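All remarks here apply to the structure that follows.
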C-alpha cells in the first residue's frame, strides 16, 4: 500500500480587540479522513490558493478585524502563504479556514 501524500496546512490568527495570538492550528491531510483530505484539495483548487497574492486587501477595513495567515505545504515541496481577513476571503477560502480550524490538531 502506497503512503498517503500529505498536504500540511497551518492557520495562524492575530488581531481582534485584545490582539491575542493563539498558537497556530495545524492540519496534516495524512492524518484526517480521506473525505476531509479530498475536501481540502478541492477547496485549494476552488480558491485558486496557489495563485493568490501573499496578502488579500481588506474590503471593509476595521481596526478590530482578525487577520488569518494560511500556509499550505504540499509533499512535493510547493509552499504558499496567504494573509487575509474574513471580508477579503472568497467563500472557498473561508471554508478552507473553517475546515483547518475544526479538523486541526492542537
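Every number here is computed from the coordinates shown, using simple stated rules; none is lab data. Every value quoted in this text rests on a predicted model; they were computed, and no experiment measured them. In this analysis, Cβ positions are derived from the backbone assuming ideal geometry, glycine residues included, and neighbour counts consider all displayed protein chains.
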Listed highest first by mean packing, meaning other Cβ atoms within 10 Å per residue, what order do 91-102, 27-38 come in? 91-102, 27-38
Highest to lowest packing among 77-88, 45-56, scored as the average C-beta count within 10 Å: 77-88, 45-56
Between residue 65 and residue 91, the two model label points (7 Å from Cα along the beta-carbon direction) sit apart by a distance in nm of 2.1 nm
